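Shown next, in structure tokens, is the structure this report addresses.
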């Protein structure tokens, strides 16, 4: 009488050993073939990675930091001089529609909406003050905040004045 269980285990072990040998052979063949190919770096992927990992800002401390900060601000101002926002248009409605509407329509950061009641005290200060606040920025006593040049440093003085004038003409 034969022992079928031991015979089955013997054959099963042989099948498993053959399958493991084939698997190892395929792995080694794949490693050999893949090792022959040079590693190619995709420039677009590399640029995207560099953009993702670059620092978002800088830390300036002490006199050296103040000098570096002033140099960075001057470089940003020089870069902005070379470009003119909105193709240099002096149409206040275009600039308002593209830049100012975000805050002055919804009242973000206490920005006055285009309503006479919201602008009465501001108009009383005179247009030169309005122009100055729009150009240089303003932090109001009520917590309101107007970023310099509406947050777009490439706006020219004439564009800012045209936009302020347009806004005043639209008050209801």
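The values are calculated or read from the model by the stated rules, or taken from the named source; none is laboratory data. The structure presented is a predicted model; accordingly, all values stated were derived computationally and were not measured. Here the Cβ positions follow ideal geometry from the backbone for every residue, glycine too, while neighbour counts run over all protein chains shown.
When 126, 137, 151, 143 are screened for being on the phi > 0 side of the Ramachandran plot and modelled with pLDDT of 90 or more, only 126 passes.
Mind telling me which of the residues 46, 14, 69 ends up being surrounded by fewer than 11 Cβ atoms within 10 Å (Cβ to Cβ), under 21 Å from the mean Cα position of the chain (by Cα) and on the phi < 0 side of the Ramachandran plot?
Numbers: 14 fails: under 21 Å from the mean Cα position of the chain (by Cα); 69 fails: surrounded by fewer than 11 Cβ atoms within 10 Å (Cβ to Cβ).
46 is the lone residue from the list that is surrounded by fewer than 11 Cβ atoms within 10 Å (Cβ to Cβ), under 21 Å from the mean Cα position of the chain (by Cα) and on the phi < 0 side of the Ramachandran plot.
Scanning region 99-124 for residues that are within 14 Å of residue 168 (Cβ to Cβ) and surrounded by 13 or more Cβ atoms within 10 Å (Cβ to Cβ) returns 100, 104, 112, 113, 114, 118, 119, 122, 123. From the list 78, 165, 158, exactly one residue is touching a residue at least 24 places away in the same chain (Cβ under 8 Å) and loosely packed, with under 13 Cβ neighbours inside 10 Å. Which is it? Residue meeting the stated conditions: 158. Just to be sure I understand, how many residues within region 82-97 are surrounded by fewer than 15 Cβ atoms within 10 Å (Cβ to Cβ), in contact (Cβ under 8 Å) with a residue 12 or more places away in the chain and within 22 Å of the chain's Cα centre (by Cα)? Residues that pass the stated criteria total 2. With the condition kept exactly as written, say whether any residue in region 63-86 is under 30 Å from residue 156 (Cβ atoms), at pLDDT below 75, in contact with a helix residue (DSSP H, G or I) (Cβ under 8 Å, 6 or more places away or on another chain) and not in a helix (DSSP H, G or I). Checking region 63-86: not a single residue is under 30 Å from residue 156 (Cβ atoms), at pLDDT below 75, in contact with a helix residue (DSSP H, G or I) (Cβ under 8 Å, 6 or more places away or on another chain) and not in a helix (DSSP H, G or I).
Considering region 140-154, and only residues there that are part of a loop (DSSP other than H, G, I, E, B) and without any contact (Cβ under 8 Å) to a residue 24 or more places away in the chain, the residue that is surrounded by the fewest Cβ atoms within 10 Å (Cβ to Cβ) turns out to be 141.
State yes or no: is residue 114 under 22 Å from residue 91 (Cβ atoms) and not in a loop (DSSP other than H, G, I, E, B)? Don't jump to the end; show me each part of the working.
Details: under 22 Å from residue 91 (Cβ atoms): yes; not in a loop (DSSP other than H, G, I, E, B): no.
Spelling it out, it is not the case that residue 114 is under 22 Å from residue 91 (Cβ atoms) and not in a loop (DSSP other than H, G, I, E, B).
The numbered conditions (1) within 19 Å of the chain's Cα centre (by Cα); (2) over 30 Å from residue 169 (Cβ atoms); (3) at pLDDT 75 or above; (4) surrounded by 10 or more Cβ atoms within 10 Å (Cβ to Cβ) are all true for residue 56 except (4).
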